[in-house]
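What follows is one structure encoded as structure tokens, with my remarks underneath.
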């Protein structure tokens with residue numbers, strides 16, 4: 001699920017409300033599937049949205065436009081993702097950084 005907020009919304013809701021509503025619906029669907037497939041080791045959810053919502057490291061999460069994630073935040077999430085899901089050789093690759101893909 002994307003941590004990037006909605007910029008515009010169709011309908012009668014303010015974009016901030018529409019964004020919260022959209023994220024709530026998506027999280028509900030995700031956790032419904034996780035509950036249904038709780039015994040399947042190949043079904044999981046990586047909490048990048050929660051990282052951006054909670055900001056546990058108190059880092060600068062957003063670029064100046066307040067819409068796009070900062071490279072530091074992207075690097076942190078990418079490293080955590082690689083550490084959680086990638087094969088060991090990739091997760092520990094020397095010099096791995098998202099900057100090289102930017």
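Using only the Cα atoms of region 1-40, build the gyration tensor, take square roots of its eigenvalues as a ≥ b ≥ c, and label the shape rounded, prolate or oblate: rounded if a/c is under 1.5, else prolate if a/b is larger than b/c, else oblate. Mind showing how you got there, number by number?
On the way: a/c = 4.82, a/b = 2.81, b/c = 1.72.
Judged from the Cα gyration tensor, region 1-40 comes out prolate (a/c at least 1.5, a/b above b/c).
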Legend entry - Three-way shape label, region 1-80, alpha-carbon gyration tensor, a/c 1.5: oblate
Legend entry - Gain in span if fully extended, residue 60 to residue 44, counting 0.36 nm per residue against the direct Cα distance: 3.0 nm
Legend entry - Potential extension, residue 33-residue 86 segment - 0.36 nm per residue separation minus Cα distance: 16.8 nm
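Here, each number is a calculation from the coordinates, and none is a lab measurement. In this text the structure is predicted, and so the values were computed from the model without any measurement.
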